[in-house]
Amino acid sequence: IFKDNLWKIEAGNTESKNFGIAADIGTTTLVCYLVDLSNGKTIDVEAQVNKQRPYGADVISRISYTIENANGTQILRNIIINQLNSVVKMLCSRNH
């Protein structure tokens, strides 16, 4: 269940199968790790260029962009959320 919506019912007892995503949002690169929460081991990793880069190569430039543009914060927020969603879907697809 996610946001009060039923997504999927799995056959059998999957209680021991718990996974998490750790995300490192850097100025140049976004890295997401698929982690087995039962033992802490990394299952898979996906790294991509941070899609916020066109709005500034560093944090200060991006802050300036948000100050100078009325919707700047929302634009940068949407970019990173969309990229995170895409990477999570990719990791889930690759690892069933």
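The values are calculated or read from the model by the stated rules, or taken from the named source; none is laboratory data. For clarity, every value in this text was computed on a predicted model and none was experimentally measured. Here Cβ is always computed from backbone atoms with ideal geometry, including for glycine, and neighbour counts include all displayed protein chains. The accessibility values were calculated without ligands, DNA or RNA, using every heavy atom of the protein model including side chains. Shrake-Rupley method; radii C 1.70, N 1.55, O 1.52, S 1.80 Å.
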message = Looking for something at pLDDT 95 or above and under 30 Å from residue 14 (Cα atoms) - is there at least one such residue anywhere in region 65-72?
response = no
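Go through region 25-43 and count every residue that is touching a helix residue (DSSP H, G or I) at 6+ places or on another chain (Cβ under 7 Å), part of a strand (DSSP E or B) and under 30 Å from residue 61 (Cα atoms). It would help to see each step written out before you state the result.
Pass one, region 25-43, residues touching a helix residue (DSSP H, G or I) at 6+ places or on another chain (Cβ under 7 Å): 25, 27-28, 30, 32, 34.
Pick out the ones that are also part of a strand (DSSP E or B) and you get 25, 30, 32, 34.
So of that shortlist, the ones also under 30 Å from residue 61 (Cα atoms) come out as 25, 30, 32.
Of the residues in that region, 3 qualify.
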query = What do you reckon, is residue 77 open to solvent by 90 Å² or more (accessible area, probe 1.4 Å) and at pLDDT 95 or above?
reply = yes
Take residue 84 and decide whether it is within 30 Å of residue 1 (Cβ to Cβ), assigned to a strand (DSSP E or B), modelled with pLDDT of 95 or more and of a type in the set (A, V, I, L, M, F, W, C). no
Among 22, 11, 70, the single one that is within 17 Å of the chain's Cα centre (by Cα) and either among the acidic types (Asp, Glu) or not in a helix (DSSP H, G or I) (or both) is 22
Expected single match for touching a helix residue (DSSP H, G or I) at 6+ places or on another chain (Cβ under 8 Å) and charged (D, E, K, R) among 10, 15, 46 is 46
